[in-house]
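Heads up: the structure comes next, in structure tokens.
The values are calculated or read from the model by the stated rules, or taken from the named source; none is laboratory data. Everything quoted here is computed from the prediction, not taken from an experiment. For neighbour counting, all protein chains shown are included, and Cβ atoms are generated from backbone atoms with ideal geometry for every residue, glycine included.
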Amino acid sequence: MKKRLILNEKNILRFLKDSAKEFPFELKKVTSVKEVTKYSNASFIYRADCQTSQGKKILYLKQSRGHIKRNKEIKVEPIRTVVESEKIKFLESLLGKKIVPHVLYVDYKNCISVMLDVQGNRKMLIEEFEKDKVYHQLANKFGVFFGNLHGKTYNTPPMFDNSAWQKRIYKLWTNWLVFGVKKYVDRSVINKFVNQTKKTKKALVWGDPVHRNIFVSQTDFTAIDFDFTMHHDPALDNGVFLAQWVIKSLEGKEKITKDCRNFVRRFVKSYINTMKSHSVSEYHVKGIVKRIVMWMGVYMVSRTDGKSGSYYEKWPQWESRIRETGLALVTSKKNATADWCRRVLTK
């Protein structure tokens, strides 16, 4: 049996020439190839700058190799790249073009996907956060995005959930999120919550809506990395997403805290209105919004558990406040930020 091709900077040129016949344009020249290393933890990703019949284009090639990139001990199925490509194609048809990458080609045998660049001139949100830019003006658009994703797929038959790999993703993601909080909170409390969410009506969720997977401009945004897209509790998506702004608000800078809280308020209002526009009942929408509190807290503790690590190269000075606030959200203990979140999300 022929071995699977392992991409590297030397063989990508040949691979692109062989697969270019599937592209909707002529590939004239590949001007540069470089591996993407920053923020690339699981899959192997390469950037190829190209000259085409439609002008200059940037292509990204993505491949899984049986283990995650940052740790060979953690095994994954190479097919995850193929499955993700199918998810992205569906999301593009569901949400429209230009928000998620456009998949040009999938090599099913070698588990490689080729996608068009979706960043353009936008900035990576994680890097903008480091500059104290939190883009509160985009809150309404993010609310519409998640409201459409969840509302259009709410209580529909699961998609992409039949493969053994996808079932493993569901288990891995849920277990990873609750790992850290079980160090501090009675396991029966967390297990009860997880079991309750299993009984809720599901929707298609992004699964990994964190600031390193988002590109922003002053007027719009785009998104990448849909490995963990699955049918799950919509509140998980919202909790992980909004936690990015709650964590940033804990730095102690008054203006940043105000902008982050403004973002959360505007997002929630926009999300609720969008979900209702898809005929999701007020009862179910309120339930989703209330569960955001718990998922947000679980996620915040997971960022400080010592296992999953941090997106920051160095732990922020406010790490202890992240954990304290996360635990307060989970346990309903008094905490200024947690109390504010509960007022906004459970009113």
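Numbers below:
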item: Segment 45-86 - residue that is of a type in the set (Ser, Thr, Tyr) and part of a strand (DSSP E or B) and, of those, farthest from residue 166 (Cα to Cα); result: 52
item: Residue match in segment 75-89 (condition: small (Gly, Ala, Ser), closer than 30 Å to residue 278 by Cα and in contact with a strand residue (DSSP E or B) (Cβ under 8 Å, 6 or more places away or on another chain)); result: yes
item: Which listed residue is assigned by TED's automatic domain parsing to the domain that holds residue 273, surrounded by fewer than 18 Cβ atoms within 10 Å (Cβ to Cβ) and within 20 Å of the chain's Cα centre (by Cα), from 142, 179, 146, 129; result: 179
item: Long-range neighbours under 8 Å by Cβ, at least six apart or interchain, first residue in contact (Cβ under 8 Å) with a residue 24 or more places away in the chain within segment 38-62, second of a type in the set (Gly, Ala, Ser) and part of a loop (DSSP other than H, G, I, E, B); result: 42/64; 43/64; 44/64; 62/43
item: Test: residue in segment 273-290 that is under 18 Å from residue 328 (Cα atoms), at pLDDT 95 or above and outside the structural domain of residue 98 (by TED's automatic domain parsing); result: yes
item: Tally, over segment 232-251, of residues that are crowded, with 20+ Cβ neighbours inside 10 Å and not in a helix (DSSP H, G or I); result: 3
item: The lone exception for residue 53 - which of (1) loosely packed, with under 14 Cβ neighbours inside 10 Å; (2) small (Gly, Ala, Ser); (3) closer than 24 Å to residue 169 by Cα it fails; result: (3)
item: Breaking point among (1) within 17 Å of residue 4 (Cα to Cα); (2) in contact with a strand residue (DSSP E or B) (Cβ under 7 Å, 6 or more places away or on another chain); (3) at pLDDT 95 or above, for residue 65; result: (3)
item: Matching residues, segment 281-297, being touching a residue at least 40 places away in the same chain (Cβ under 8 Å), among the hydrophobic types (A, V, I, L, M, F, W, C) and within 13 Å of residue 347 (Cα to Cα); result: 288, 289, 292, 293
